[in-house]
Amino acid sequence: LKNNRVMAYAVSLMHMFFAFIVYSTHIQFPSLYIFFAIAILLTTAYGDVVMTSTVTALSIILKVISDISPAAYPIDFRLERQNFIVSLIALGAFYIICLVMIAIEREKNALGIQQERENVQLFQKIMTDTLTGVHNRNALRLSFDRVIADKTDTEYVLAMLDIDYFKNVNDTFGHLVGDSYLQALGRVLDHVPDAEAFRFGGDEFCLLFAGCTRKQVEERCRTAQEK
């Protein structure tokens, strides 16, 4: 990232010095200050206010140096002074325009990032069981699609489980206590290594293992059962 920033500064400064050479070489054409404006405008591609400000300040300094050089002495001093003032105002206006463009681009990027974040959150909400925090049946379908599409030698194992006598828990202690049991089980299953946890429905859950042997799956299921 640091190298990219250095490269961006190098390119911007190169454009500025090119504008300085063109303007100084053809000082009899005051309108060529537009090359400085182009160099300033090109910095907006990087969205860096400091870079744009630096190039603008240096462009104005180099333009003034060219204007006060002996080769720039005009015949009509009044006209030259007017051109000088107009060019400085124009460069200042270009600078302000560039700042506005950078601000608009940053706002667009911020909105895009926010939209992307909201899309991710919405997707996670659609794929997550709200009670237990594990994946839901929609996510399980997508995982099955991914398994079917996988052309590697990865071995997948699906384990299904439920809570014994869960109906009795609800009937005896109420659904709030039953929900706490489901939440506790969800927390356990969510930390099983090399497995994705899903709530299939009610008290039925699934664990989808990837890249595990049958023995490893049995051991991890046993550990989850003990927890």
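The values are calculated or read from the model by the stated rules, or taken from the named source; none is laboratory data. Computed from a predicted model, the values in this text were never measured in an experiment. Cβ placement follows ideal geometry from the backbone for every residue including glycine, while neighbour counts extend to all protein chains displayed. These accessible areas exclude ligands, DNA and RNA; they are computed on the full protein's heavy atoms, side chains included. Shrake-Rupley method; radii C 1.70, N 1.55, O 1.52, S 1.80 Å.
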For THR54, solvent-accessible area (1.4 Å; no DNA, RNA or ligand), Å²: 50 Å²
Want the number for TYR165 to VAL49: 0.36 nm per residue separation, take away the alpha-carbon distance, what's left? 35.2 nm
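If you stretched the chain out fully between ARG146 and GLU204, how much longer would it get, using 0.36 nm times the residue separation minus the C-alpha to C-alpha distance? List each step's numbers first, then the result.
Working: separation 58, 0.36 × 58 = 20.88 nm, distance 2.18 nm.
In short, 18.7 nm is gained.
From the protein chains alone at 1.4 Å, what is the descending order of accessible area for PHE200, PHE17, PHE209, largest first?
Details: PHE200 70, PHE17 100, PHE209 0 Å².
Solvent-accessible surface, decreasing: PHE17, PHE200, PHE209.
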Roughly how many percent of the accessible protein surface of the chain is carbon and sulfur, given a 1.4 Å probe and a whole-percent answer? 63 percent
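With r as the distance between the Cβ atoms of SER31 and GLU107 and R0 = 25 Å, compute the FRET efficiency 1/(1 + (r/R0)^6) and round to 0.05.
On the way: r = 34 Å, r/R0 = 1.34.
Calculated value: 0.15.
Restricting attention to segment 145-186, which chymotrypsin sites (Phe, Trp or Tyr not before Pro) occupy a DSSP loop and are surrounded by at most 16 other Cβ atoms within 10 Å? Kindly include the intermediate steps, with their values, before the conclusion.
Values: sites: TYR156, TYR165, PHE166, PHE173, TYR181; in loops: TYR165.
For chymotrypsin sites (Phe, Trp or Tyr not before Pro) across segment 145-186 that sit outside H, G, I, E and B with at most 16 neighbouring Cβ atoms in 10 Å, the list reads TYR165.
Using 0.36 nm per residue, how much length does the chain from LEU13 to ARG117 gain when fully extended, once their Cα-Cα distance is taken away?
Values: separation 104, 0.36 × 104 = 37.44 nm, distance 3.61 nm.
In short, 33.8 nm is gained.
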In Å², what does the accessible area per residue of segment 1-155 work out to with a 1.4 Å probe? 67 Å²
Hey, how many Å between the Cα centroid of segment 168-227 and the Cα centroid of segment 83-144? 37 Å
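Could you order LEU142, LEU111 by accessible surface area, starting with the largest, using a probe radius of 1.4 Å?
Working: LEU142 80, LEU111 105 Å².
These residues rank, largest area first, as LEU111, LEU142.
So what's the projected area for the chain, the Cα convex hull averaged over all directions, in nm²? Mind showing how you got there, number by number?
Working: hull surface 80.4 nm².
For the chain, the mean projected area of the Cα convex hull comes to 20.1 nm².
Can you tell me the FRET efficiency between GLN225 and ILE126 if r is taken as the Cβ-Cβ distance and R0 is 45 Å, rounded to the nearest 0.05?
Details: r = 30 Å, r/R0 = 0.66.
In this case the efficiency is close to 0.95.
Rank these by accessible area, largest first, 1.4 Å probe: MET51, MET101. Present the calculation step by step, with values, prior to reporting the outcome.
On the way: MET51 0, MET101 85 Å².
Descending order: MET101, MET51.
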Take ALA90 and ARG214, extend 7 Å from each Cα along the Cα→Cβ direction, and tell me the distance between the two endpoints in nm. 8.3 nm
